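S.K.: Okay, here's the structure, questions in a sec.
The values are calculated or read from the model by the stated rules, or taken from the named source; none is laboratory data. Every value quoted in this text rests on a predicted model; they were computed, and no experiment measured them. Neighbour counts are summed over all protein chains in view; Cβ atoms, including those assigned to glycine, are modelled from backbone coordinates with ideal geometry.
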Amino acid sequence: MATMTAEELRAEIEAIKMREQQEEARVKRLQTEVSEATERQRLRRELHQRRARLNEKRSISRTVAEYRQKIDADQLGAYDLTHDSALPNYVPVARGEENTRFAQRVARGEYTWKLKQFSWLPTVLRQREETEVSSDHFQVGSYLFAFVYSPAAGLLSMSVDGAQYGSLAICIQTDDVIALRYSIYVKRRGGDYVQWGETRDAVNEAAESFYGPDVHSTGSPPAAVGIFGLTHEELLQSEWVEDDTLTAKFVLEVRPNEAYLSECLDQTVEVPAPTVDRDLRALLDEGTCSDLQFRVQGEVIHAHSQVLCARSEVFKLQLSSGMQESVSKVIVIEDCDVTTFKSFLRFLYTDSLPTVEELIEPAKPVREGNRQSAVAHALWAVSHKYQATRLQRWCEAQLCERLSISEVCDILCQAHVFEAKQLENACLSFIKDHAAEVLKLPAYADLSSRWPELAMKLHLFSSGLPETDIADIVQASKLRRLESGKERAS
């Protein structure tokens, strides 16, 4: 700067003045855009409120229409005979049954649409200045349908209720309030039809409404747009196009807006509630016909090998493969307390999940703040050991709800060992939100030294990387460490 001439300094000052003016103009322009964005936001809120009021009025109209239909059918109303004063007003013993049918007049249809010379489609649409291709009309019940394909997953319709966008979709040609259930399938090259998206239900209330897995309104696209998340160009090279032909199948069920049908039955046979849960629990508690003993903390628990083999692959291996336990019929449990193990056995016998509160009262004393997570943690360990997957997932759900600063590092390490991905991600998210408290704990320092890949995963998770990228980076780091270890050993 000291070596610049006076002319150069003046030129630099003028350049800075010009940039200042440009930034000032940019600020004014952005302020204008903020005002416009605020107005658009206000209009969106007003549109949302008006749509809500319209739906509420439509719901009231439907309720009144159904009430009118029931009056015409002499099922309700001021002159309904079922409310005649001549009927007895006291019924000491009553029993009844009624069947209510909701889909007695559902029409069903299936339509196959083959789009041949499929690679020409975008060019033809540009030539004709169109955005999508449409099938012929197809009637199901009293209603007409058409099917459309938009290569760019672009605009399908524009109405007072908003715009709709999508790729392969179903269009209904009526504004009647009808119920629709639909599924869309695409034929695999040389194979069968595969369903794209889920079977879905919808209530149609407007003409020219479109339905499909990726049909969406402005600003709310689904997770993946396009058939199986593929662009048109990707679709052409995929297994879903054979001989330059895309074959789609649509399965439709349509219910008109009619009252549902009820049928009263005069007599019923009462069927008792199931008792297998109670019976099997009594079998365990009483030890009747038991052929096996567990020895836990000096206590003997009688059990039944057939039940255990049916419920756990680990017990099946122990008791049917010639191991010592299969001969002695005695299994010593050294890594679990008796209360937790009894709860585990009750689950194996009844398939009923416990509550944390049921486990707490008889459990051995622990600090009050850790009591709930401690019993869930203990039950989690034994359910993992014996591959009781349903109980294991229940324990993981309980631990997710009860994460704490003092325990999250220990639970994260165990989740990593057990490959409990959802619980592991919950721990990572918890640590990210409480980093100031957790990162200064001795437990975190121990985690970092014993599990360097977990420390790396936490760092990557906090930076916002996608889970797939994090897994790839951690795996690459593991491989590098293994190769370095082999080189040092050689």
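S.K.: Taking region 136-169 on its own, how many of its residues are of a type in the set (S, T, N, Q) and crowded, with 19+ Cβ neighbours inside 10 Å?
M.R.: Of the residues in that region, 4 qualify.
S.K.: Continuing with the same structure: Looking at Val124 and the list (1) in a helix (DSSP H, G or I); (2) among the aliphatic types (A, V, I, L, M); (3) surrounded by 15 or more Cβ atoms within 10 Å (Cβ to Cβ), which single condition is not satisfied?
M.R.: It fails just one condition, (3).
Residues checked against (1) within 23 Å of the chain's Cα centre (by Cα); (2) of a type in the set (D, E, K, R); (3) within 22 Å of Phe102 (Cα to Cα):
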residue	(1), (2), (3)
Ser142	no, no, yes
Ser150	no, no, no
Gly154	no, no, no
Gln173	no, no, no
Arg181	yes, yes, yes
Lys187	no, yes, no
Gly190	no, no, no
Glu198	yes, yes, yes
Ala202	yes, no, yes
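S.K.: Next question. Select from region 398-424 the residues that are surrounded by fewer than 15 Cβ atoms within 10 Å (Cβ to Cβ) and assigned to a helix (DSSP H, G or I) and list them in ascending order.
M.R.: Within region 398-424, Glu401, Val417, Lys421, Gln422 qualify.
S.K.: Right, something else. What helices (runs of 4 or more DSSP H) lie completely within region 425-469 and have 2 or more residues being under 16 Å from Ala415 (Cα atoms)?
M.R.: 442-450, 452-462
S.K.: Which ones in region 214-232 are surrounded by fewer than 17 Cβ atoms within 10 Å (Cβ to Cβ), among the small types (Gly, Ala, Ser) and either assigned to a loop (DSSP other than H, G, I, E, B) or in contact with a helix residue (DSSP H, G or I) (Cβ under 9 Å, 6 or more places away or on another chain) (or both)?
M.R.: Hits for region 214-232 are Gly219, Ser220, Ala223, Ala224.
S.K.: A further question on this structure: State yes or no: is Thr350 within 16 Å of Gln392 (Cα to Cα), among the β-branched types (Val, Ile, Thr) and free of Cβ contacts under 8 Å to residues at least 12 places away in the same chain?
M.R.: In short, no.
S.K.: Which one of Ala152, Ala179, Ala163 is over 16 Å from Trp113 (Cβ atoms) and assigned to a loop (DSSP other than H, G, I, E, B)?
M.R.: Ala152 is the lone residue from the list that is over 16 Å from Trp113 (Cβ atoms) and assigned to a loop (DSSP other than H, G, I, E, B).
S.K.: When the residues of region 358-376 are filtered to those that are more than 27 Å from the chain's Cα centre (by Cα), within 30 Å of Gln306 (Cα to Cα) and part of a helix (DSSP H, G or I), which remaining residue is modelled with the lowest pLDDT?
M.R.: Ile360
S.K.: Then there's this: Would you mind telling me which numbered condition in (1) within 27 Å of Asp243 (Cβ to Cβ); (2) in contact (Cβ under 8 Å) with a residue 24 or more places away in the chain; (3) exposed (fewer than 13 other Cβ atoms within 10 Å of the Cβ) Glu130 fails?
M.R.: Result: Glu130 fails condition (2) only.
S.K.: Follow-up question, since we're still on this one. Could you count how many residues in region 156-171 are under 28 Å from the mean Cα position of the chain (by Cα) and either not assigned by TED's automatic domain parsing to the domain that holds Asp214 or not polar (S, T, N, Q) (or both)?
M.R.: Number of matching residues: 10.
S.K.: I'm checking my understanding of the structure. Among residues of region 379-390 that are more than 18 Å from Cys409 (Cβ to Cβ) and hydrophobic (A, V, I, L, M, F, W, C), which one is surrounded by the most Cβ atoms within 10 Å (Cβ to Cβ)?
M.R.: So, considering only residues that are more than 18 Å from Cys409 (Cβ to Cβ) and hydrophobic (A, V, I, L, M, F, W, C), the one surrounded by the most Cβ atoms within 10 Å (Cβ to Cβ) is Leu379.
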